[in-house]
Amino acid sequence: MSTDETCKDNQSAYDNIEVSDAYVGPQLCFPLTPAHVTALLEAFKEKQQRLHARYVLQLLNETRKHLEHLPNINQVSTCYSKEITICGDLHGKLDDLFLIFYKNGLPSPEKVYVFNGDYVDRGKHSIEILLILFAFLLVYPKGVYLNRGNHEDHIINLRYGFTKEVMQKYQVHGSRILKLLRSVFSWLPLATVIDEKVLIIHGGISETTDLNFLRKIDRHKYVSILRPPGRRRIEWHKHASGQEQLCGESSEQNVRLNQTPKKNTDSDVLRLHSHTNNTSKSSSTLSVKKKEITKRVHRSVDEELEKCRRQVGFSNVYGDSKSLTGSDSDSDEHERRQIVDILWSDPMHQEGCITNSVRGGGCYFGPDVTEKILRKHNLQLLIRSHECKQEGYEYCHNQKVLTIFSASNYYEIGSNRGAYVKLGPDLIPHFVQYQVNQSTRKLTLRQRVSRVERSALGALREKIFAHKSDLISVFEHYDKNKTGNISLNDWANALESVLALGLPWRVLRSQLVPSAPNGLLNFHLWFDDLAIERPNAQYIQPSLLETLYKSRSELETIFGIIDSDNSGQISFEEFQKTWQLLSSHLKIEISDEAISDLARSMDFNKDGSIDINEFLEAFRLVDKSNYKD
């Protein structure tokens, strides 16, 4: 079928779907505008009615047409933007995506993002994440770059929950959406290169990885990387209940296969493939006895892993490939192996390249393999995802490989942080960590995308300033000779003893301490670098500023109480009430005249009112040169 015929076929999939008058969710028209994406974000944030199936299909069709024109490996340059943000696995965790946008800003030509695959499965909001990212891709094609992950595969989606999510949310048109998504996934680029020096791929590499060869592959052939081109497609049929399901699989087994595993391993993914290839085409299998289902699902782990290895063409020695089927050409198998490697592989500490027996696909590659491939393509850093890391990121291979993982609380609440990494023209990675909790979920979209978004480093500097008194006391304890100087080791120990954050302070020293001659830090001068701009300092005693930072959450709470209509703005009169409450809470007396002057100084855009952004901006950390004590 030609591209034009495919477009017409996909268009007919939504042309005959009517949007009823009862629908109150976001409405889309094409070409999309930033306003459409904002409406989509608002709807998903407020958990309004989900996007209508007609708009979903139309958005997916437009996305597929756009992706068709992209190369296998995107080239991105920092020349056109100050920095590029790279995000790892999201796995259906919409709150993490919102928090990233809150802290880092929405995608735009000036705020470029690279999302490194695994948008779906495991979490409950995979389809929403896809729709948001695809919408931004269409609005800002030079602001959003999407890589394919190993979970952008319809066979994997059967096992790890995305298929089930779509069918539950779009019961009538779910099969159409899933069919179109197969094509969209197959057109996703395989990699991104920044400034010709930083390679971003989802999984990893092998000793045979060749970027020049990958650039020439017809990636669309590999609708599922677990099945070679030409292999029998999965057929969907209506069950008696009306639920779409895989031909030959009973409803009960389908439920089992869609349960989300608690461990971070995809070693089971090919188990489904094994079952689907061996299932009978006869409808009698729909009545397979429960005992037989249990027996098939609980087969020996060793046996299943061996089947996995055989099905993706791996023997025990990596590089000795076997074709999945006699009809596969050597060329197709070589292409498929290249793609499997970059989507499924993981780094290891030992040198060499061996079969990834845990996942059942790809390889484990050592530091020598990394060095070889980077040198071959004149690269300096490999950024990958694919593995959950407790801190959200992790270096290995002499800091030549960086894993970035953006889904916080992946196993359970508190299990891990999420992170993203920012690269400027110097290509030095800067990390931002976060962890979704109840308070971050309550943030409004207006707050999330405000201009007062601060990096994790900025928040850390605020926390340090909020404990200035306690820190000075501990610093003086270390300063036995009363010189005003302490060693960097004592500085790190003091910060941890007071803040108890469990951070690698010695690693962060270069970002927190501008200079330390002879390894000694003048802590009084250091605190000068953590100064705070005071909106009207003549009316506020110095101790108030430290108190304000300790009471940051109360500031936002009080603002929310006064802003009864949730408009995000308060008048000068309402601000007076806000400050009176704050003064009472903090036991600070301040005159009405001083409050009025303070309000006018906070109205940065001089529109006669103060929004939450201006209110918080007034107490933001800035360069210390703006005032003196």
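Selection over region 375-412 of residues that are among the hydrophobic types (A, V, I, L, M, F, W, C), over 17 Å from the mean Cα position of the chain (by Cα) and within 30 Å of Ile156 (Cα to Cα) gives a count of 4.
Flag not set for Leu137, criterion: of a type in the set (A, V, I, L, M), open to solvent by 10 Å² or more (accessible area, probe 1.4 Å) and either over 21 Å from Tyr222 (Cβ atoms) or in contact with a His (Cβ under 8 Å, 6 or more places away or on another chain) (or both). When region 27-76 is examined, which residues are found to be closer than 14 Å to Ile127 by Cβ and open to solvent by less than 50 Å² (accessible area, probe 1.4 Å)? Leu40, Ala43, Phe44, Leu51, His52, Ala53, Tyr55, Val56, Leu57, Leu59, Leu60, Thr63, listed by residue number. Consider Ser108 carefully, then state whether it is among the hydroxyl-bearing types (Ser, Thr, Tyr), surrounded by fewer than 17 Cβ atoms within 10 Å (Cβ to Cβ) and touching a Phe, Trp or Tyr at 6+ places or on another chain (Cβ under 7 Å). The answer is yes for Ser108.
Which fully enclosed helices (runs of 4 or more DSSP H) of region 300-392 have 1 or more residues being at pLDDT 95 or above and in contact with a helix residue (DSSP H, G or I) (Cβ under 9 Å, 6 or more places away or on another chain)?
The qualifying helices (runs of 4 or more DSSP H) are 330-344, 367-376.
For region 210-222, does any single residue satisfy the condition of being modelled with pLDDT under 95, touching a Gly at 6+ places or on another chain (Cβ under 7 Å) and not in a helix (DSSP H, G or I)? No, every residue in region 210-222 fails to be modelled with pLDDT under 95, touching a Gly at 6+ places or on another chain (Cβ under 7 Å) and not in a helix (DSSP H, G or I). In summary, helices (runs of 4 or more DSSP H) completely within region 396-494 and bearing 2 or more residues that are modelled with pLDDT of 90 or more occur at 468-478.
With respect to (1) at pLDDT below 95; (2) out of contact with any Ser or Thr (no Cβ under 8 Å at 6 or more places or on another chain), the lone exception for Asp95 is condition (2). Entry remark, region 155-185: residues being more than 21 Å from Ser345 (Cβ to Cβ) and within 21 Å of the chain's Cα centre (by Cα) number 7 in total. Taking every residue in region 188-199 that is surrounded by fewer than 22 Cβ atoms within 10 Å (Cβ to Cβ) and pairing it with any residue that is hydroxyl-bearing (Ser, Thr, Tyr), at least 6 positions away or on another chain, the pairs with Cβ-Cβ distances below 7 Å are Asp195/Ser77; Asp195/Thr78. In region 142-162, the qualifying residues are those that are open to solvent by 10 Å² or more (accessible area, probe 1.4 Å) and over 20 Å from Ile132 (Cβ atoms), and the one that is modelled with the lowest pLDDT is Arg159. Restricting to region 83-101, what's the tally of residues that are in contact with a strand residue (DSSP E or B) (Cβ under 9 Å, 6 or more places away or on another chain), of a type outside the set (A, V, I, L, M, F, W, C) and either open to solvent by 10 Å² or more (accessible area, probe 1.4 Å) or closer than 28 Å to Thr163 by Cα (or both)? Number satisfying all stated conditions: 5. Give me the residue from region 66-92 that is modelled with pLDDT under 95 and not β-branched (Val, Ile, Thr) and, out of that set, farthest from Phe136 (Cα to Cα). My answer is Cys79.
Among the residues that make up region 122-129, is at least one of them more than 20 Å from Ala43 (Cα to Cα), small (Gly, Ala, Ser) and either open to solvent by less than 10 Å² (accessible area, probe 1.4 Å) or out of contact with any Ser or Thr (no Cβ under 8 Å at 6 or more places or on another chain) (or both)? No, there is no match, as no residue in region 122-129 is more than 20 Å from Ala43 (Cα to Cα), small (Gly, Ala, Ser) and either open to solvent by less than 10 Å² (accessible area, probe 1.4 Å) or out of contact with any Ser or Thr (no Cβ under 8 Å at 6 or more places or on another chain) (or both).
Against the criterion of being touching a residue at least 60 places away in the same chain (Cβ under 8 Å), open to solvent by less than 10 Å² (accessible area, probe 1.4 Å), farther than 20 Å from Gly203 by Cβ and of a type outside the set (A, V, I, L, M, F, W, C), Asn116 does not qualify. Counting only residues that are farther than 25 Å from Ile354 by Cβ and among the hydrophobic types (A, V, I, L, M, F, W, C), region 209-228 holds 1 of them.
If the condition is being in a helix (DSSP H, G or I), touching a residue at least 40 places away in the same chain (Cβ under 8 Å) and closer than 17 Å to Lys93 by Cα, then region 39-66 contributes Leu40, Leu41, Glu42, Phe44, Lys45. Restricting the first member to region 20-36 and to residues that are within 16 Å of Pro141 (Cα to Cα), and the second to residues that are part of a loop (DSSP other than H, G, I, E, B) and hydrophobic (A, V, I, L, M, F, W, C), the beta-carbon pairs closer than 6 Å and six or more apart or on different chains are His36/Leu28.
The values are calculated or read from the model by the stated rules, or taken from the named source; none is laboratory data. Worth saying up front: this structure is predicted, and the values here are computed from it rather than measured. Cβ atoms come from the backbone with ideal geometry, glycine included; neighbour counts cover every protein chain shown. To get the accessible areas, we keep the full protein, side chains included, count just its heavy atoms, and leave off ligands, DNA and RNA. Shrake-Rupley method; radii C 1.70, N 1.55, O 1.52, S 1.80 Å.
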